[in-house]
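Working notes, beginning with the structure itself.
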Amino acid sequence: MTETNGKFPPEKATYNLENLAPTSEQLLVIYPHLANCQGCNTCTKSCPQDIEVLRYMSDALRGEIAQVAQRSFECMMCRLCATRCPAELPPYYIAVLCRRLSGRYLSPPAQHLAARVAEIEQGKFDAELEDLKKLGKSELRRRLSELNTEA
């Protein structure tokens, strides 16, 4: 749980993602001042990325975690939204939490990633990796260049 106490920038909450649920109640436990949003839209007006910050903050209040993750995806955490917020909210931290919750609990697992990890653990690429380690810098650059031109 964090409190703003007039501090800028607002403190980032600490939490263990494994112990959280993707709900509005959970967001309010971690960032209770989220409920203080005045709906003034100053956050959106100040965003250099033209992100609809107020909209994703409203989504957060309703527990629409996946929507927050999607709408805030391009946030570069410049903190301008928090600088301008009269309620001293940290929309960027709330967005990061929602993106993490969405990735952990709401997005389907990446099957191709699990398959690749299994291949690595089985040693499928060990010999090739050892061969690459023996090559000189110029040969590695040449091979990289070939890969870049094939794409």
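Observations on the model:
- Some residue of the range 14-26 being outside any helix (DSSP H, G or I) and charged (D, E, K, R): no
- Inter-residue pairs, beta-carbon under 8 Å, first more than 16 Å from residue 12 (Cβ to Cβ) and without any contact (Cβ under 8 Å) to a residue 40 or more places away in the chain and in the range 24-36, second among the small types (Gly, Ala, Ser) and surrounded by fewer than 17 Cβ atoms within 10 Å (Cβ to Cβ), 6+ apart: 28/35
- Residue within the range 109-126 that is over 33 Å from the mean Cα position of the chain (by Cα) and either at pLDDT 90 or above or surrounded by 10 or more Cβ atoms within 10 Å (Cβ to Cβ) (or both) present: no
- Search result, residues across the range 77-86 that are touching a residue at least 40 places away in the same chain (Cβ under 8 Å) and either under 17 Å from the mean Cα position of the chain (by Cα) or buried (at least 17 other Cβ atoms within 10 Å of the Cβ) (or both): 79, 82, 85
- Restricting the range 31-54 to residues that are within 17 Å of the chain's Cα centre (by Cα) and surrounded by fewer than 19 Cβ atoms within 10 Å (Cβ to Cβ), the residue that is nearest to residue 95 (Cα to Cα) is 52.
The values are calculated or read from the model by the stated rules, or taken from the named source; none is laboratory data. Computed from a prediction, not measured in an experiment: that's the story for all the values here. FYI the Cβ positions are ideal-geometry reconstructions off the backbone, even for glycines, and counts take in every protein chain you see.
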